[in-house]
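Novice: Dropping the structure in here first, questions after.
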Amino acid sequence: CEPHSDNYSVKTNTNKKDTVEMTTDNTARTNCFYVAKLYLDGKVASDLTGRFPTTSFDGNKYIMILYSDDANGILAQPVKNRSEQELVDAIKVLHTRINHANLPLRFHIMDNECPAGLKRYLNEQNIQYQLVPPYYHRQNPAERAIQTFKAHLISGIASANPNFPLYL
């Protein structure tokens, strides 16, 4: 790694090889960078938010949150109710969004209230899953993602016009 051009000079030796004489300035800028392989483990976690106080214009009452560990991203999908088919459809949409980003899906962490249809879907897609034990929310990374998402959503709603409708 070579320091910025203002901090070194080139001198020629008698054996026709260039040598670099460095200054001892520790604040010198450098053009160094680090490259490393990044292994994607395909881990995602999902959970439902609590019921919202108002129903949306489309009839949605919940939001399914999916946290992708590889992308370090939070994805959200509105859900009308907690029925098995609605949850499976929401996970399919979120998985499609992850696949479009060319991220692998290998391991899914979810709440212990997972319907059988969702387990069937994950088995068909060859995605391993882990159910978080009851009352042990710290094990599910989606719980923290829900807190972050809600804070972002509330700040967006709070900054809107007071006459802005809440039933998006």
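The values are calculated or read from the model by the stated rules, or taken from the named source; none is laboratory data. A quick note: this is a predicted structure, and the numbers were derived from the prediction, not measured. Cβ sites come from the backbone with ideal geometry, for glycine too, and all protein chains shown count toward neighbours. Heavy atoms of the whole protein, side chains included, go into the accessibility calculation; ligands, DNA and RNA do not. Shrake-Rupley method; radii C 1.70, N 1.55, O 1.52, S 1.80 Å.
Novice: Quick one: count up the residues across segment 40-70 that are in a strand (DSSP E or B) and of a type in the set (S, T, N, Q).
Specialist: Filtering segment 40-70 down to residues in a strand (DSSP E or B) leaves 43-48, 62-68.
Then drop every residue that is not of a type in the set (S, T, N, Q), which leaves 46, 68.
Here the count works out to 2.
Novice: All but one of (1) out of contact with any Lys or Arg (no Cβ under 6 Å at 6 or more places or on another chain); (2) farther than 13 Å from LEU48 by Cα; (3) in contact (Cβ under 8 Å) with a residue 24 or more places away in the chain hold for ASP69; state the number of the condition that does not hold.
Specialist: (1)
Novice: Got at least one residue in segment 107-121 being open to solvent by 70 Å² or more (accessible area, probe 1.4 Å) and touching a strand residue (DSSP E or B) at 6+ places or on another chain (Cβ under 6 Å)? Walk me through how you get there before you give the answer.
Specialist: First pass over segment 107-121, keeping only residues open to solvent by 70 Å² or more (accessible area, probe 1.4 Å): 113, 120.
Now drop any that are not touching a strand residue (DSSP E or B) at 6+ places or on another chain (Cβ under 6 Å), which leaves none.
Looking for residues that are open to solvent by 70 Å² or more (accessible area, probe 1.4 Å) and touching a strand residue (DSSP E or B) at 6+ places or on another chain (Cβ under 6 Å), one finds none in segment 107-121, hence no.
Novice: Within segment 140-160, track down each residue that is touching a residue at least 24 places away in the same chain (Cβ under 8 Å), in a helix (DSSP H, G or I) and open to solvent by less than 70 Å² (accessible area, probe 1.4 Å).
Specialist: PRO141, ALA142, GLU143, ALA145, ILE146, THR148, PHE149
Novice: Within segment 71-98, take every residue that is farther than 14 Å from ALA145 by Cβ and part of a loop (DSSP other than H, G, I, E, B) and give me the one that is most open to solvent (accessible area, probe 1.4 Å).
Specialist: Here the answer is ARG82.
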